[in-house]
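Below: the structure, in C-alpha cells.
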Amino acid sequence: MSPNSSIPKDEQPGPSSRLLAGLDQFSTSFSTDNRRTSCRREECCLKNCWIVQRLRGYLPDLTARQWQLLTVFAVADFIAGIVYNIKGPFYPAEAQKKGVTAAQFGLVFGIFDLTKVFACPIFGKYMSLFGPKKVFIISMMLISVCSIAFGMLEKIDDATLFLIMSLIIRVVEAFGSAGFSTSTFSIIACEFPSTVATTFASLETFFGMGLIVGPLLGGLVFQSGGYDAPFIVTGLLFFTAALVILSVMPNPTSLSSNKDSIAILLTDDTKPAEEGFSIFSVIKIPVVALAAFGVFASASSAGFINATLEPHIRQFGLSPLGVGIVFVIYGIIYTLTVPIWGWLCDRMTQPKFITLIGAILNLVTFLLIGPAPFFGFESILSTTCIALVIHGLALGAMFVSGFVLSLRYSIAAGFPNNMATYGVVSGMWTSALSLGMFCGPVIGGVLLDHVGFRWGTVYVLVSMIILIILIVIFLTKNGLNIKHNDTFEVPEAVQPLLKIKTVTFYSSDDASGGSSGQAQLISYGSA
C-alpha cells in the first residue's frame with residue numbers, strides 16, 4: 001500500500017514537491033542529483049558496515065557524512081593502534097643483537113613521548129593554518145614510512161648507526177603521531193559538536209583494539225618473515241589506509257565554527273596565560289601534587305615494563321606469537337576494567353582511596369613480576385602473567401583517580417570553574433603522564449644493564465611505597481576536606497569537554513600517541 005494512499009489526491013505531493021523535499025533532505029552535503037544518488041548508496045553501505053553497527057549502539061542517529069567520517073577515524077585508529085604496539089615485543093631483542101645496550105634502547109622508547117610533549121602544542125597552534133585533513137593524511141603517511149623504516153633497521157650492522165637511526169625514526173614518528181592525534185580531535189570537535197564525548201569514547205575503543213591486535217598480528221608475521229616483516233606489513237597497511245581515506249574523506253567543517261571546543265582539546269600555554277594562572281599554580285595544591293606524582297609513577301611503571309619485559313621473558317623461550325600474547329595481557333585488563341574505575345570515582349566521596357588501591361596493586365605487580373630480589377623463588381611465566389593482570393588493574397585505577405582528584409581539588413581550592421582551569425589541569429595530567437612514559441623506559445634500560453630486571457623493579461617498588469605513604473598521610477590529615485555534597489557543578493559548556501578527557505582513560509597510552517603501557521595506553525593528544 002502506498003504511504004500516500006490515505007492522503008486526498010489533491011493534497012498528495014506531486015513529483016516536483018517530492019523532488020524538492022529530497023533536495024532539501026540532502027542539501028547539507030550534496031547539491032546535484034548524482035551526488036544525492038551517491039549519498040543514498042553511501043548511506044546504505046554505511047548502515048551495513050560492521051563498524052557502523054558496532055558504534056550505532058553508542059551514538060544517536062547521525063548523518064551519512066558523519067557516519068562516513070566516523071568510519072574513517074575508526075579504521076585509522078584501529079590500524080594506528082596496531083602500528084604503535086608492535087615495537088615492544090620485537091625491538092629490544094634486535095637491538096641487543098646489534099650491540100645496543102638496554103639503556104640505549106630504553107631511550108629509543110622514551111624519546112617518543114618526550115618529543116610529543118613539544119610537538120602536540122605546535123600542531124594545535126597551527127592546525128587552522130595547515131588544515132586538519134591535510135595534517136591527518138600526511139601524518140598517517142609519515143607514521144607509515146617510519147614503521148617501514150623501523151623494520152629496515154635490521155639491515156644496519158653498526159651499533160652506533162643502528163641507535164642513531166632508531167632515535168631519528170622515533171622522533172619523526174612522534175611528530176606524525178602528534179599530528180594524527182591533534183587533527184583527529186580537531187575534526188571530531190567540529191563535525192560532532194553535540195556528541196563529542198561519545199564519539200571519542202567510541203573511537204578510543206578501536207584504538208584499544210588495535211593495541212591488543214598489534215602484538216598478536218606482529219608475532220604471527222614475525223614467525224613467517226622475521227624482524228622486518230611486522231613493521232613493513234603494518235606500515236604498508238597504514239599507508240594504504242591513508243590513500244583510501246584521502247579519496248573518501250570529505251573536507252571537514254571550518255575549524256572556526258567550533259573554536260571553543262578545539263581550543264580546550266589542543267590547549268597550549270596561551271589560554272592559561274590569559275587567565276592568569278598555569279600548571280605551576282594548581283600543582284601547588286597538595287592533593288593535586290599527590291595526584292600528579294601518582295600519574296607519573298604509574299606511567300613510569302608502564303614504560304618500565306614496555307622497555308624491559310621482552311628481555312625478562314626471553315628466559316622462557318617463547319615464540320614471537322607467545323611474546324605478543326604476554327604483551328597484550330595487561331592491555332586487555334586495562335581496557336576492560338578502566339570504565340569500572342571511572343564509575344567508582346564518580347560515586348566515591350574520596351577518590352584518593354582509588355589511588356591508594358591502584359598504588360597497592362602496582363606494588364603487588366612489581367613484587368611478583370620479577371619476582372622481587374628478596375623473594376626466594378625464581379621467575380615463573382605464570383607468576384609474570386598474573387602480575388601483568390594486576391598491573392592492568394592498577395593503571396586504570398591510578399590514571400582515572402589522578403585526573404578526578406586534580407580537577408576536583410583545583411576547583412575546590414578556588415580556581416575558576418571554567419575551561420581555563422580544565423585546560424590547565426589536563427595539561428598538568430598530560431605532562432605527568434608523558435614525563436613518566438619517558439623516564440620509565442630510560443631508567444628501566446639503565447637498571448636492566450647494570451643490575452638486571454629483578455633488582456631493577458626495586459625502582460618502581462620504592463616509588464609505589466612512597467606514594468602509598470603519602471596517600472595514607474593525606475587520608476589521615478586531609479581526607480575529609482572535600483565531602484561528597486561539596487561536589488561542584490560543571491558548567492554546561494564544559495561538560496562535553498570534561499567527558500572528552502575522561503575518554504582518554506578508556507584508551508589506551510600514549511597514549512597519547514597511545515597507549516599503552518606500552519602499548520602506550522594513553523596518547524598525549526587525547527589528553
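The values are calculated or read from the model by the stated rules, or taken from the named source; none is laboratory data. The structure displayed is predicted, hence computed values, not measured ones. Cβ coordinates were reconstructed from backbone atoms using ideal geometry, including for glycine residues, and neighbour counts include every protein chain displayed.
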### Message
surrounded by 24 or more Cβ atoms within 10 Å (Cβ to Cβ), among the hydroxyl-bearing types (Ser, Thr, Tyr) and either more than 25 Å from LEU114 (Cβ to Cβ) or in contact with a strand residue (DSSP E or B) (Cβ under 9 Å, 6 or more places away or on another chain) (or both): which single residue out of SER410, SER379 fits that description?
### Response
SER410
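Quick grid of which residues meet (1) more than 22 Å from PHE175 (Cβ to Cβ); (2) in contact with a Phe, Trp or Tyr (Cβ under 7 Å, 6 or more places away or on another chain); (3) modelled with pLDDT under 90; (4) among the polar types (S, T, N, Q):
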site: PRO60; (1), (2), (3), (4): yes, no, yes, no
site: ALA64; (1), (2), (3), (4): yes, no, yes, no
site: GLN68; (1), (2), (3), (4): yes, no, yes, yes
site: THR71; (1), (2), (3), (4): yes, no, yes, yes
site: ALA74; (1), (2), (3), (4): yes, yes, yes, no
site: ASP77; (1), (2), (3), (4): no, yes, yes, no
site: ILE82; (1), (2), (3), (4): no, no, yes, no
site: ASN85; (1), (2), (3), (4): no, no, yes, yes
site: GLY88; (1), (2), (3), (4): no, yes, yes, no
### Query
Can you name the residue in segment 113-132 that is part of a helix (DSSP H, G or I) and either among the small types (Gly, Ala, Ser) or assigned by the TED database to the domain that holds GLY440 (or both) and, of all such residues, is nearest to SER183 (Cα to Cα)?
GLY124
### Summary
How many residues of segment 153-168 are surrounded by 15 or more Cβ atoms within 10 Å (Cβ to Cβ) and farther than 16 Å from PHE109 by Cβ? The answer is 3
### Query
So is GLY358 closer than 22 Å to TYR459 by Cβ and over 24 Å from the mean Cα position of the chain (by Cα) or not?
no
### Query
When you look at ALA372, is it at pLDDT 85 or above, aliphatic (A, V, I, L, M) and not in a helix (DSSP H, G or I), yes or no?
yes
### Task
With respect to LEU448, determine if the residue is in contact with a Phe, Trp or Tyr (Cβ under 7 Å, 6 or more places away or on another chain) and modelled with pLDDT of 85 or more.
no
### Task
Report yes if some residue within segment 85-107 is β-branched (Val, Ile, Thr) and in a helix (DSSP H, G or I); otherwise report no.
no
### Query
Going by the structure shown, is LEU114 surrounded by fewer than 23 Cβ atoms within 10 Å (Cβ to Cβ), modelled with pLDDT under 90 and not aromatic (Phe, Trp, Tyr)?
yes
